[in-house]
1. Two decimals is fine: what is log10 I(q)/I(0) at q = 0.14, 0.20, 0.26 Å⁻¹ for segment 103-156, from a Debye sum with one equal scatterer on every Cα and no solvent?
2. Evaluate the charge dipole of segment 109-175 about its Cα centre and quote only its size in Debye, nearest 20, assuming +1 on the Cβ of each Lys and Arg and -1 on the Cβ of each Asp and Glu.
3. Please state, rounded to one decimal and in Å, the Kirkwood hydrodynamic radius that segment 1-123 gives when every pair of distinct Cα atoms enters the mean of 1/r.
4. Only bridges with both residues in the chain count here: give the DSSP antiparallel percent, nearest 5.
5. Amide H neighbours of residue 104 under 5 Å, counting only residues 5+ apart in sequence or on other chains, H built in-plane at 1.01 Å?
6. Can you list the DSSP H helices in the chain whose Cα atoms extend at least 15 Å along the helix axis and whose mean Kyte-Doolittle hydropathy is -1.0 or higher?
7. Assuming R0 = 35 Å, can you tell me the calculated FRET efficiency for the pair residue 156 and residue 62, based on Cβ-Cβ distance, to the nearest 0.05?
8. Evaluate the charge dipole of the chain about its Cα centre and quote only its size in Debye, nearest 20, assuming +1 on the Cβ of each Lys and Arg and -1 on the Cβ of each Asp and Glu.
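The values are calculated or read from the model by the stated rules, or taken from the named source; none is laboratory data. Worth saying up front: this structure is predicted, and the values here are computed from it rather than measured. With ideal geometry, Cβ positions are generated from the backbone for all residues, glycine too; neighbour counts draw on all protein chains shown. Note: accessible area is taken over every heavy atom of the protein model, side chains too, but ligands, DNA and RNA are not part of it. Shrake-Rupley method; radii C 1.70, N 1.55, O 1.52, S 1.80 Å.
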Amino acid sequence: MNQQLAIRCFGAFSVTLAGVEVTGFESDKARALLAFLATESDQPHHRERLAGLLWPDFDDQAARTNLRRVLSNVRQVIGDRSSDAPALIVAGQTIQLDTARAWVDVRAFQENIAADDLAQVETAVDLYKGRFLDTLSIKESTLFDDWLTLTRSQLQQQMMGALQRLAQAFEQQDEWQKAAAFARQQLALQPWHETAHRRLMRLLARNGRRAAALKQ
């Protein structure tokens, strides 16, 4: 079964099956198709939309032909062709990733980040290994790049909110080192973030590091 399929979109895109990284994607379009289906797995997607997303400058027939070829490649790479329980639900004119049969870091991130438990929020932060699909870009498709840019921004803002929440909570608990670590992570993502700068200055001063606080 494809329950051992794991799709990671934070940082460089990667896919593992039973813990082993898979290869064989024919192109970045194949990677982009799987990344999109993994990230937007809450609903089925019509073939026409997917074809237009990745091949916007092609006529409809050519775009759909390309989609069929790339989809076949993706299904082969992730083991769906030989699986009794494939991860991709291909039903007529729609395609959807079944998250019951595949683990996706973005979905896990969003589920944990919404939790009341701070430990789960920390788990979400640990999943953020870098900018969303950092090394993937489909330059000939402005539609895909627009989706990519928007999703990157949304996920980064969610990450910033989680770091803010953790830094504030641990500062209130007088766990200054942990609070400072999360504030620094905020500044690594957004060096101009004034609230994180002020928090880090305050934490350094409270910890007796006045010179470091002034430098900050």
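1. Per q value, in the given order, log10 I(q)/I(0) is -0.43, -0.73, -1.00.
2. Charge dipole, segment 109-175, about its Cα centre: 340 debye, nearest 20.
3. It is 15.1 Å.
4. That works out to approximately 80 percent antiparallel.
5. Answer set, sorted by chain and number: 7.
6. Going by DSSP H runs, the hits are 28-39, 60-77, 142-172, 176-189, 194-206.
7. Efficiency, rounded to the nearest 0.05: 0.50.
8. Roughly 820 debye for the chain.
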